[in-house]
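J.: Got a structure for you, questions after.
Nothing in this text is a laboratory measurement; each read-out follows from the coordinates by a stated rule. What you see is a predicted model; the values in this text were computed from it and never measured. Here Cβ is always computed from backbone atoms with ideal geometry, including for glycine, and neighbour counts include all displayed protein chains.
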Amino acid sequence: MSSTSLPSGVRLRPLATADAGALAEAYRANRTHLAPWEPHRDEVFFTAAGQADRISASLAAAAAGTEVPRVLASADGIVGILNLTGIVRGPFLSAHVGYWVDAGLQGRGVCSAALTAAMDHARDHLGLHRLQASVLPHNAGSRAVLTRAGFTVIGTAPSYLRIAGTWQDHLLYQRILDDPDL
Ligand SMILES: CC(C)(COP(=O)(O)OP(=O)(O)OC[C@H]1O[C@@H](n2cnc3c(N)ncnc32)[C@H](O)[C@@H]1OP(=O)(O)O)[C@@H](O)C(=O)NCCC(=O)NCCS
């Protein structure tokens, strides 16, 4: 998953130190779009300095083998992210997947194509057995993306994440990567 072409001229590519300014701009442009689905963000999050700190933490985790941070990039700048986080090896061989797509690019298959590329990478290059996603029950778009990619609901986790300032129940989805029947 070094760099992959997606619909609408978008590319999925590795996060880089130089992305701080563009990422801050993308988060500012999508602040309202993302607010219901993300943790509460303080103001520094929307600055290049705040994103530079987050990027260096992500790149350190990538070097340690626990994250694969990727951005969705177009000619206009950064238009989303797709990250594998919490990579655990041993008998689990699992990771969590998270993503968002720019408000103006929704419904064009960008997230679905990015998720397919991430699943291929997780299975074929990282040797993972499983991906997990946690989703708010009323997030119809994200649930559709996961269902389309073959994820299934494995349960409900009460008060699982503090999203938009409130602890909220989440649906847990998983996709077994190395067994086509699961
Ligand atoms: C969820 C999100 C990533 C989807 O990205 P996207 O690029 O628009 O998704 P796709 O175009 O690949 O759509 C995949 C499917 O979901 C459907 N879908 C997308 N948004 C939808 C919505 N709001 N309601 C119902 N279905 C929706 C599409 O119609 C498509 O269905 P199809 O396969 O039958 O054609 C995007 O809407 C987003 O960034 N939302 C805000 C952040 C977020 O929710 N992140 C995930 C947190 S768990």
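J.: Could you check His170 against (1) exposed (fewer than 14 other Cβ atoms within 10 Å of the Cβ); (2) closer than 27 Å to Leu126 by Cα; (3) within 15 Å of the ligand (Cβ to nearest atom); (4) touching a residue at least 24 places away in the same chain (Cβ under 8 Å) and say which number it fails?
T.: So the condition that His170 fails would be (1).
J.: What is the number of the single condition among (1) farther than 16 Å from Ile87 by Cβ; (2) away from the ligand (no atom under 12 Å from the Cβ); (3) under 16 Å from the mean Cα position of the chain (by Cα) that Met119 does not meet?
T.: (1)
J.: Quick one: in region 4-15, which of the residues that are under 18 Å from Leu105 (Cβ atoms) and not in a helix (DSSP H, G or I) is farthest from the ligand (Cβ to nearest atom)?
T.: Looking at residues that are under 18 Å from Leu105 (Cβ atoms) and not in a helix (DSSP H, G or I), I get Arg13.
J.: Here is a follow-up. How about region 127-142: which of its residues are within 13 Å of the ligand (Cβ to nearest atom) and either touching a Lys or Arg at 6+ places or on another chain (Cβ under 7 Å) or of a type in the set (Lys, Arg) (or both)?
T.: The answer is Leu131, Val135.
J.: Read through the list (1) within 13 Å of the ligand (Cβ to nearest atom); (2) under 30 Å from Gly127 (Cβ atoms); (3) acidic (Asp, Glu), then give the number of the only condition that Glu67 fails.
T.: Answer for Glu67: the failing condition is (1).
J.: Also: For region 92-101, how many residues meet the condition of being near the ligand (Cβ under 10 Å from one of its atoms) and in contact with a helix residue (DSSP H, G or I) (Cβ under 7 Å, 6 or more places away or on another chain)?
T.: 4
J.: Here is a further query. So how many residues does region 139-167 have that are without any contact (Cβ under 8 Å) to a residue 24 or more places away in the chain and surrounded by 14 or more Cβ atoms within 10 Å (Cβ to Cβ)?
T.: 1
J.: Enumerate the pairs (first residue in region 35-47 and touching a residue at least 24 places away in the same chain (Cβ under 8 Å) and closer than 15 Å to Trp100 by Cα; second residue anywhere and part of a helix (DSSP H, G or I) and within 9 Å of the ligand (Cβ to nearest atom)) with beta-carbon separation below 8 Å, excluding pairs fewer than 6 apart on the same chain, so at least 6 apart or on different chains.
T.: Trp37/Ser142
J.: Of the residues Ala35, Ala18, which single one is outside any strand (DSSP E or B), away from the ligand (no atom under 16 Å from the Cβ) and either within 17 Å of the chain's Cα centre (by Cα) or over 24 Å from Arg162 (Cα atoms) (or both)?
T.: Result: Ala18 is the single residue among Ala35, Ala18 that is outside any strand (DSSP E or B), away from the ligand (no atom under 16 Å from the Cβ) and either within 17 Å of the chain's Cα centre (by Cα) or over 24 Å from Arg162 (Cα atoms) (or both).
J.: Can you work out which of the residues in region 53-112 that are over 19 Å from Arg148 (Cβ atoms) and among the hydroxyl-bearing types (Ser, Thr, Tyr) is surrounded by the fewest Cβ atoms within 10 Å (Cβ to Cβ)?
T.: The qualifying residue surrounded by the fewest Cβ atoms within 10 Å (Cβ to Cβ) is Ser56.
J.: Output the number of residues of region 97-126 satisfying the condition of being touching a Lys or Arg at 6+ places or on another chain (Cβ under 6 Å) and without any contact (Cβ under 8 Å) to a residue 12 or more places away in the chain.
T.: Of the residues in that region, 0 qualify.
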